[in-house]
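First up is the structure itself, then whatever we jot down about it.
The values are calculated or read from the model by the stated rules, or taken from the named source; none is laboratory data. This one's a predicted model, so the numbers in the text were calculated from it and none came from an experiment. FYI the Cβ positions are ideal-geometry reconstructions off the backbone, even for glycines, and counts take in every protein chain you see. Side chains are part of the model used for accessible areas, which takes the heavy atoms of the whole protein and leaves out ligands, DNA and RNA. Shrake-Rupley method; radii C 1.70, N 1.55, O 1.52, S 1.80 Å.
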Amino acid sequence: MKCKNVISAGMVLGLQGFYTLNRFGSTALLGPMVALSLIKELGPVLSALMVTGRAGSAMTAEIGIMRITEQIDAIELMGLNPFRYLVVPRFLAGILAMPLLTAIFDVVGIFGGYLVGVKLLGIGEGTYFGEMANYVRIQDITEGIYKSVSFGVLISWVSCYKGYHVGFGAEGVSKATTQAVVLSSVLILFWDYVLTSALF
Amino acid sequence: MIEMENLYKSFEDLEVLKGVSLQVKRGEILGLIGGSGHGKTVILKHVAGLMRPDRGHVYIDGKDVYGLRGGELQELRSRLGFLFQSGALFSSLTVFDNVAFPLREKTRLGEEEIREKVITALEQVGLRGAEDKYPAQISGGMIKRTALARSVVRNPEIMLFDEPTTGLDPVIAHTILDLVKSIHKDLGFTGIIVSHELLRVFQTVQKVAMLHDGVILFVGTPEEIMASRDPVVQQFITEALPLRNFRQEEQLGRKE
């Protein structure tokens, strides 16, 4: 499912990029354009938004249900710290999984751009990848990694917080889940701007 | 051992506790009775430190529960067993793992010893054979019995039971209260039982307190509450004890 979405994103990027670059007679730069857009911006942001929708909402709902069914109270009453069992593993998972998923997103997206640019629109394979190697710097890749790690922190933090401080009953869980997804998405976009301006 | 001093608690505009003061001595079980929605569970949650009162204090062994921080509070809670009304089992763990959880996390016992203790606890509540089932696969009564096994498996000094028999058939309910009685005999824990099963609870506890409209209306032995002349206490006892109700009606019938 995720791969299908990602490959479509890469293909659209390839298509739009080709027609735009064609106006300036620079279609040879399609490879770097697709790669840089994905590595620096679309990869981290779109994968973070996808993870928010799939994993963030699940985190909030799961912790929220544990809260309303008194499972968190039960952990506390055993003299244990619920954060250790519920929040820390999800936080670590977010930090580890986000850069990995972003890397997959980037690779699959670049492949989508390749399908459209090379196979459909006739740019040379060597041009697509060769120019990419010339223009993409290691700093661009680390920038993408920084972004994805910080998005991982953000998604886990917001989702766990909203689940932990859920309201009452099923309605409370549904509200918390919606709020977690909306707040995470808004914060991802805002934080993306802050990081982009700070890292350039 | 447990001392509640002038507890007040409101939820938005609803004042639930209006100055509750109660004492439970070491080794004693107190039966907390009263109508639904009068705040019995709220009192238990205050004792466990899960809720903070608007005013008032709860002391356990002379220590103010709300004055304890971090490690101290965890230490106190390690000595406490709480049976939730809903059971509060971990839905992602099997019956066995639910009961083993506090042993694995709070003791240094080996897996073999844990297994023995868990199996014994499950046998006591009649759940041998259901070890590998998940909470979603068992009935409400089995959930409650698993929760009981989990709350007593570490032999706590203080036990708080929130309606341990609600939703169970009379035979199981009887077994559960018998079990509470026998564990109390073996371990001598200090406890509070919130329940509507007055007849059986009166046979289990040493002291009864009745909560009505946010205050403690009566504290005394089961015999004393049965003999109480307070009209509210009288009415509650009569309504809650069908046998006594039946006998009274029978006597009235004879007189007529």
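Looking across segment A:1-17 at every residue that is touching a Gly at 6+ places or on another chain (Cβ under 6 Å) and open to solvent by less than 60 Å² (accessible area, probe 1.4 Å), the one that is nearest to A:Arg90 (Cα to Cα) is identified as A:Val6.
Would you check which residues across segment B:119-137 are modelled with pLDDT under 90 and among the hydrophobic types (A, V, I, L, M, F, W, C) and list them? Of everything in segment B:119-137, those that are modelled with pLDDT under 90 and among the hydrophobic types (A, V, I, L, M, F, W, C) turn out to be B:Ala121, B:Val125, B:Leu127, B:Ala130. Which one of B:Val171, B:Val215 is in contact (Cβ under 8 Å) with a residue 60 or more places away in the chain and not charged (D, E, K, R)? Within the list B:Val171, B:Val215, the selection yields B:Val215. The criterion of at least 3 residues that are closer than 29 Å to B:Val233 by Cα and either away from chain A (no Cβ under 14 Å) or at pLDDT below 90 (or both) is met, among strands (runs of 3 or more DSSP E) falling completely within segment B:1-118, by B:2-11, B:14-24, B:29-34, B:55-60.
Give me a count of the residues in segment A:168-195 that are surrounded by 14 or more Cβ atoms within 10 Å (Cβ to Cβ) and either free of Cβ contacts under 8 Å to residues at least 24 places away in the same chain or within 19 Å of the chain's Cα centre (by Cα) (or both). Residues that pass the stated criteria total 14. Anything in segment B:139-154 that is open to solvent by 20 Å² or more (accessible area, probe 1.4 Å) and over 15 Å from the mean Cα position of the chain (by Cα)? List them, or say none. Scanning segment B:139-154 gives B:Ser139, B:Gly140, B:Met142, B:Ile143, B:Arg154. Among the residues of segment A:63-81, write down those that are charged (D, E, K, R) and either under 11 Å from A:Val166 (Cβ atoms) or more than 9 Å from every other protein chain (Cβ to nearest Cβ) (or both). A:Arg67 - this is the single residue of segment A:63-81 that is charged (D, E, K, R) and either under 11 Å from A:Val166 (Cβ atoms) or more than 9 Å from every other protein chain (Cβ to nearest Cβ) (or both).
Of the residues screened, A:Ile123 is one that is open to solvent by less than 30 Å² (accessible area, probe 1.4 Å), of a type in the set (A, V, I, L, M) and in contact with a helix residue (DSSP H, G or I) (Cβ under 6 Å, 6 or more places away or on another chain).
B:Arg108 meets each of the listed conditions (1) closer than 20 Å to B:Ile176 by Cβ; (2) surrounded by fewer than 14 Cβ atoms within 10 Å (Cβ to Cβ) apart from (1).
No other residue among B:Val205, B:Val194, B:Val171, B:Val180 is aliphatic (A, V, I, L, M) and surrounded by fewer than 19 Cβ atoms within 10 Å (Cβ to Cβ) apart from B:Val171. Residues in segment A:54-105 that are of a type in the set (Phe, Trp, Tyr) and touching a residue at least 24 places away in the same chain (Cβ under 8 Å) were compared, and the one that is least open to solvent (accessible area, probe 1.4 Å) is A:Phe105.
Tally the residues that are open to solvent by less than 20 Å² (accessible area, probe 1.4 Å) and in contact with a helix residue (DSSP H, G or I) (Cβ under 8 Å, 6 or more places away or on another chain), restricting the search to segment B:214-237.
5
Only residues that are in a strand (DSSP E or B) and on the phi > 0 side of the Ramachandran plot were counted across segment B:161-186, and they come to 0. Taken as a whole, segment A:29-40 holds at least one residue that is of a type in the set (Ser, Thr, Tyr), within 22 Å of the chain's Cα centre (by Cα) and surrounded by fewer than 21 Cβ atoms within 10 Å (Cβ to Cβ).
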